[in-house]
Amino acid sequence: MKWIVVAFFASTILAVVWYRFMPVWVTPLMIIRSVEQVGDGHFPTIHHSWVALDDMADEMPVAVMASEDQRFLEHHGFDFDAIQKAVKRNKKAGKKKFGASTISQQTAKNVFLWPGRSWLRKGLEMYFTTLIEFVWGKERIMEVYLNSIEMGDGIYGVKAVAEYSFDKSPDELTKRDCALIAATLPNPRKFSSKEPSAYMKKRQRWILTQMKYVKWK
């Protein structure tokens with residue numbers, strides 16, 4: 001048991017340090033989605049290319065912060081104010097549940113873990129979130145997040161969605177493009193930035209307004 005514990009901490013810390021410097025080419029979610037595609041009788045497809053943060057539109061980090069985690073630069077991985085608000089909303093919401101995951105938590109989950117709501121996975125998410133906050137820092141977390149986040153069916157990262165939805169490179173995305181991409185993130189397999197619905201355009205306008213109050217650099 002002692003050596004199992006030692007191996008766990010050694011391997012996970014090594015993985016976090018490795019990804020501090022190296023691109024994340026594949027994630028557990030990409031593999032899971034590919035298996036699901038095969039199960040549905042389709043050929044597995046993954047559209048994903050790594051791109052440096054400096055080669056993305058400056059508004060892209062601002063847009064996802066406005067949409068997903070406006071206190072990203074202020075917290076240390078966990079937004080306890082948002083968690084308290086989510087708990088209160090969930091008590092009133094009934095079956096519908098509201099989350100309070102930060103960009104750091106989502107990045108930890110995307111890169112190292114699997115989808116789910118078990119206590120084990122949540123505990124591991126907290127562990128990896130703490131590690132990447134300490135080892136990576138905010139800029140690297142944002143870079144990995146924007147490269148690994150699911151942004152459509154088989155589409156992962158800013159470069160892939162920029163090419164698929166807008167026929168542009170990541171640095172050519174406009175402020176409105178970035179806001180539209182960020183608008184899909186609650187459910188990127190349901191909402192499309194290529195063919196946005198009226199609801200998506202409404203979220204886009206809300207995110208554009210919120211972006212005025214978000215500072216990245």
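The values are calculated or read from the model by the stated rules, or taken from the named source; none is laboratory data. Only a predicted model underlies this, so the values are computations on that prediction, with no experimental measurement involved. All Cβ positions, glycine included, derive from the backbone under ideal geometry; neighbour counts span all protein chains shown. Accessible surface areas use protein heavy atoms only, side chains included; no ligands, DNA or RNA. Shrake-Rupley method; radii C 1.70, N 1.55, O 1.52, S 1.80 Å.
Kindly indicate the residue of region 150-183 that is modelled with pLDDT of 95 or more and in a loop (DSSP other than H, G, I, E, B) and also nearest to TRP50 (Cα to Cα) among those meeting that condition. Only one residue fits best here, namely GLY157.
Against the numbered list (1) open to solvent by 80 Å² or more (accessible area, probe 1.4 Å); (2) assigned to a helix (DSSP H, G or I); (3) closer than 23 Å to PHE21 by Cα, MET142 comes up short only at (1).
Look at LYS202 and say whether it is assigned to a helix (DSSP H, G or I) and either within 23 Å of ILE32 (Cα to Cα) or among the acidic types (Asp, Glu) (or both). So LYS202 fails the test. With respect to GLU59, determine if the residue is more than 22 Å from VAL135 (Cα to Cα), open to solvent by 20 Å² or more (accessible area, probe 1.4 Å) and either hydrophobic (A, V, I, L, M, F, W, C) or touching a Lys or Arg at 6+ places or on another chain (Cβ under 7 Å) (or both). Considered against the rule, which asks whether it is more than 22 Å from VAL135 (Cα to Cα), open to solvent by 20 Å² or more (accessible area, probe 1.4 Å) and either hydrophobic (A, V, I, L, M, F, W, C) or touching a Lys or Arg at 6+ places or on another chain (Cβ under 7 Å) (or both), GLU59 comes out as yes. Within region 187-213, residues that are touching a residue at least 12 places away in the same chain (Cβ under 8 Å) sit with their Cβ atoms under 6 Å from residues that are outside any helix (DSSP H, G or I) and of a type outside the set (S, T, N, Q), at 6+ positions apart or across chains, in these pairs: PRO188/GLU150; PRO188/MET151; PRO188/GLY152; ARG189/ASP153; MET200/PHE191.
Checking each residue in region 12-49 for being assigned to a helix (DSSP H, G or I) and either under 19 Å from GLU163 (Cβ atoms) or among the polar types (S, T, N, Q) (or both) picks out THR12, MET30, ARG33, SER34, GLN37.
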